[in-house]
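The values are calculated or read from the model by the stated rules, or taken from the named source; none is laboratory data. Nothing here was measured: the structure is a model prediction, and the numbers come from that model. No Cβ is skipped: glycine too gets one built from the backbone with ideal geometry, and neighbour counts run over all protein chains shown. Areas reflect the complete protein model, heavy atoms only, side chains present, ligands, DNA and RNA absent. Shrake-Rupley method; radii C 1.70, N 1.55, O 1.52, S 1.80 Å.
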Amino acid sequence: THVEAHKMIRNRVSQPAGENAIIATMERQWNGEWVKVVSRMTRLPPLGLVQEFLEGPFAGSKAVLVYAPQGKKTRVDVYGEFTSPTIPEKDVEKAALKWLAQSFDEDAPAIKDFAAKK
């Protein structure tokens, strides 16, 4: 269900990379183009996850997503250090926020649908 929510992602392949981690390889729509992205995602239930960007526009970046239940909603805080081999340093923060917002905009409706079916 989660993978299907992301219309900006195609050709996603995941493989185990340890007890709580996966390596996810995909193509993602970014600034009008399909770009290859490879990430290692380590689940830290129930806290959240760590995402390390291995290839793509944010290669070398690391982020921790922390989930905090707040009644019927969940707050998501993102802490990270974003860098890019292709985006000028002065534009990285704005680009990273755009990247995260696009992911959130596709995740949120899918999570609401999932919760409604529960």
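Quote the relative contact order of segment 1-113 in percent (integer), defining contacts as alpha-carbon pairs under 8 Å separated by 6+ residues. Computed value for segment 1-113: 17 percent relative contact order. Sequentially through segment 26-39, phi angles give Karplus couplings (6.51, -1.76, 1.60; θ = phi - 60°) of 7, 10, 10, 5, 9, 6, x, 10, 8, 10, 7, 10, 10, 9 Hz, Gly and Pro residues having no value and appearing as x.
When segment 1-75 is described by a simple charge dipole with +1 on each Lys and Arg Cβ and -1 on each Asp and Glu Cβ, the residue from Gly60, Ala21, Pro45 located farthest towards its positive end is Pro45.
Gain on full extension, evaluated as 0.36 nm per residue between Glu33 and Glu106 minus their Cα-Cα distance, stands at 24.5 nm. Compute the angle between helix 92-117 and the longest alpha-carbon principal axis of the chain, please, reported from 0 to 90 degrees and rounded to the nearest 10. The angle comes out at about 20 degrees. Apolar share of the accessible surface for the chain: 56 percent from carbon plus sulfur atoms, 1.4 Å probe.
By the rule of a C-alpha distance below 25 Å, with chain neighbours fewer than 8 residues away ignored, the lysines paired with Lys112 are Lys7, Lys72, Lys73, Lys98. Probing with 1.4 Å while keeping every protein chain in the model, the per residue accessible area of segment 61-117 equals 78 Å².
Taking a straight line from the alpha carbon of Lys94, these lysines sit under 17 Å away, with near neighbours fewer than eight places off in the same chain left out: Lys62. In this Cβ point-charge picture (+1 for Lys and Arg, -1 for Asp and Glu), the chain has a dipole of about 460 debye about its Cα centre.
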